[in-house]
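What follows is calculated from the coordinates using simple rules that are stated; it is not laboratory data. Keep in mind the model is a prediction, meaning the values are calculated, not measured. Every residue, glycine as well, gets a Cβ built from its backbone with ideal geometry; the counts of neighbours run over all protein chains shown.
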Amino acid sequence: MEAAIKQSSLDIAAIRAQFPVLAQEVNGYPLTYFDNAATSQKPLRVIEALNQYYSVYNSNIHRGVHTLAEKATNAYEATRASLQKFINSGEKEEVIFTKGTSESINLVAATYGRQNIAEGDEIIITGLEHHSNIVPWQMLCEEKGAILKIVPISDKGEIDMEDFRDLLSDKTKIVSVAFASNALGTINPVKEIIEAAHSVDAVVLLDAAQAVAHLKVDVQALDCDFLAASAHKMYGPTGVGFLYGKRHLLEEMPPYQGGGEMIKEVTFEKTTYNDIPFKFEAGTPNIADIIALNEAIGFINDLGKENIRTYEDDLLAYATEKLKAIDKIQFIGTAKHKVGVLSFIIEGMHPFDVGMMLDARGIAVRTGHHCTMPLMQRFELEGTIRASFAVYNTFEEIDTMVASLQKITSRIN
């Protein structure tokens, strides 16, 4: 059956016009950018915010009393207040600025983890995790003599809640899971996971890198203990992210790094640490990019996350149906609930070769293991071809990719 193109309430042409990078040609073809799970493109309002900071009020924050310092501080803290509303944290002090999801998870492992994990304790992750949500816990387990347990996934790329519950015990101290898989797009049943983990008094960290731009994220409704995310996957700058943590946990945790701003008083004999969130924000932060993140939040809010989700779901459904018609394509990850990620292989071709052939036609996809090597090993693959969608993508771009893949596969004997 021919895939139907649904009418969106969004003006996609007007949205695309806000992204200068999309107007270019690559290798003589209009750019088709389907690598959004790796990093999304940036609207002009984000780019202009960076330029405005450096051109008009470049200054360090919190410590200065002059006009530029005050303006920079206010803009920086305005982003924290926007993030509080964006994820519905109880208070803005529960939002910690970091370099991104990876640093946020490492912060929790190195502070809460070191403080609370002992020999024989257990940490649970899933078979879907990004390396950033595997390696910090491995390091912690090696240091403390703890045990890392893995929730297996099905051939569809889903976890079984019964398998998860079977792993839970009174030894479980931390559960850290992806809200949505970067490699397969699977949306995990995180509310159910959190409730089950809390029943054995374990804390839960959600890797929300692939969720914050696409799904409703309400940390109070979810009741997660920690949540990590990156700006560059939600139309914001690179090198910036945030950690949400419940106040009582953050207050009990030791600092992650020492330096300026994370202190109240320093003597050679003793240092008194600052209140949250500043206790975890040592040194001069990435001021410009944190300020620009506020514009990315505004971009998402102006479009409406529900509108974005509906449109991206339509793109995913359309692409899935179109690619089904190509015999040699095999989908990897067919979960019932997904974000806009389509991962597949082509029989008889290496993903890297397919990626280069698509790039020759101006189509940017991601190929490889997507920083999920254990997941690829689960499917006995070196990697996949991943097309991931954002609100500025179009059905016509999908048609372009499909036509290119048809030509590529026609050459296979």
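Segment 6-83 and segment 356-403 have Cα centres separated by 25 Å. Placing +1 on the Cβ of every Lys and Arg and -1 on the Cβ of every Asp and Glu, with no other charges, gives the chain a dipole of roughly 740 debye about its Cα centre. Among V175, V95, A288, whose Cα lies farthest out toward the positive end of the dipole of the chain, if unit charges sit on the beta carbon of Lys, Arg (+1) and Asp, Glu (-1)? Positive-most Cα among the choices belongs to A288.
A helix-only calculation puts the chain at -11000 deg cm²/dmol for mean residue ellipticity at 222 nm, using -39500 (n - 2.57) for each DSSP H run of at least four residues, averaged over all residues. Springs between Cα atoms under 10 Å define the GNM used for the chain, and in it the highest mean-square fluctuation of T186, T271, T310 occurs at T271. Other residues within the sphere of radius under 12 Å centred on the Cβ of T39, judged by their own Cβ, net out at +2 (K and R +1, D and E -1).
Helix 44-56 versus the longest principal axis of the chain: what is the Cα-based angle in degrees, 0 to 90, to the nearest 10? Between the helix axis and the principal axis of the chain, the angle is about 40 degrees.
3J(HN,Hα) couplings calculated from phi for segment 205-221 with the Karplus curve 6.51 cos²θ - 1.76 cosθ + 1.60 (θ = phi - 60°) are, in sequence order, 10, 9, 7, 9, 4, 9, 10, 4, 8, 10, 10, 5, 10, 10, 5, 6, 5 Hz; Gly and Pro show x. Relative protection proxy for 38-46, 323-331, 387-395, 203-211, from highest mean packing down: 203-211, 387-395, 38-46, 323-331 (other beta-carbon atoms within 10 angstrom). With contacts taken as Cα pairs under 8 Å at a separation of at least 6 residues, the chain carries a relative contact order of 23 percent. Quick one: of K144/K173; K233/K305; K191/K279; K149/K338, which pairs are farther than 18 Å apart, Cα to Cα? Going by Cα-Cα distance, K191/K279; K149/K338 fall outside the 18 Å limit. With the chain treated as a Gaussian network of Cα nodes joined by springs under 10 Å, which of E312, E192, E397 yields the largest mean-square fluctuation? With Cα springs under 10 Å in the chain, the top fluctuation among E312, E192, E397 is at E192. Seen from D201, the other residues with C-beta closer than 9 Å to its C-beta sum to a net charge of 0, counting Lys and Arg as +1 and Asp and Glu as -1.
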